[in-house]
Amino acid sequence: MQSAAVDLPDAPDESLTEAVVDLVLRGMWRGRPESEHRPLVDAGLALVKGPVVLPTERAKATASRILRVAAGSEQEERITAAYEAFLPVNRKIRDVCTAWQCRPDGTANDHSDSGYDAEVRESLEDVHEAIQPVLRRLERVLAGSGRYLTALEEALDHFDEGSPEWLASPLCDSYHTVWMRLHQELLLVLGISRAQDEAREEELVTRSRG
């Protein structure tokens, strides 16, 4: 993470920097604002909208500048390689979450069919096995990224202990919530737009299918 002195108000330490980056990666904070959010609101980096705290456009631009690695650097090249390994697996986790929430015929999954749910869990295991080497590779070139594998494993443990919300609920650090945070950090670190990301994912998935 780069210096905190990037378009931020008086920040005697890195707490404000960490708070703005965390909020941008999360996309929002649900519930009453925590103490670290109040300076962000005062600085125009966050706004409170009903029961959620949202990052402002200024916050997103600030987080982008903080996280972006040097263009053309060896670090960027190595992170890009990990990112491109991540994208095909990203398609699979979306498919898993969709299958958990909806049956193939489009009806809601009421989880009355244990066999179907077991198949979804098996697909989730395939995703988890596929993402582990990608994250270990990423950890060697992106400081702090090791936290994502730890958080994914914690979410998986909660899910297997009988708490289904830990797969895809936005109300906790579910598997999908942590995954989206990882995805967002990769985009900011590499300076990639959502449109570019979607196009590259489609290209890599199509290529992988031969």
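Values for this structure:
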item	result
Answer residue from the stretch 97-115, given it is out of contact with any strand residue (DSSP E or B) (no Cβ under 9 Å at 6 or more places or on another chain) and in contact (Cβ under 8 Å) with a residue 60 or more places away in the chain and is nearest to residue 180 (Cα to Cα) among those	97
Within the stretch 45-61, tally of residues that are touching a helix residue (DSSP H, G or I) at 6+ places or on another chain (Cβ under 6 Å) and open to solvent by less than 80 Å² (accessible area, probe 1.4 Å)	5
Residues satisfying the stated conditions in the stretch 32-77, i.e. part of a helix (DSSP H, G or I), in contact (Cβ under 8 Å) with a residue 24 or more places away in the chain, of a type outside the set (Val, Ile, Thr) and under 14 Å from residue 187 (Cα atoms)	60, 61, 63, 64, 65, 67, 76
Check on residue 137, closer than 28 Å to residue 64 by Cα, open to solvent by 60 Å² or more (accessible area, probe 1.4 Å) and either without any contact (Cβ under 8 Å) to a residue 60 or more places away in the chain or within 13 Å of the chain's Cα centre (by Cα) (or both)	yes
Residue satisfying condition, being more than 26 Å from residue 18 (Cα to Cα), open to solvent by less than 60 Å² (accessible area, probe 1.4 Å), out of contact with any helix residue (DSSP H, G or I) (no Cβ under 6 Å at 6 or more places or on another chain) and of a type in the set (A, V, I, L, M), within set 118, 195, 108	118
Matching residues in the stretch 22-44 - criterion: being surrounded by 14 or more Cβ atoms within 10 Å (Cβ to Cβ), farther than 15 Å from residue 181 by Cβ and under 20 Å from the mean Cα position of the chain (by Cα)	37
Only one of 164, 133 that is farther than 19 Å from residue 90 by Cβ and not small (Gly, Ala, Ser)	164
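The values are calculated or read from the model by the stated rules, or taken from the named source; none is laboratory data. These figures come from a predicted structure and were not determined experimentally. Cβ sites come from the backbone with ideal geometry, for glycine too, and all protein chains shown count toward neighbours. With ligands, DNA and RNA removed, areas are computed over all heavy atoms of the protein, side chains included. Shrake-Rupley method; radii C 1.70, N 1.55, O 1.52, S 1.80 Å.
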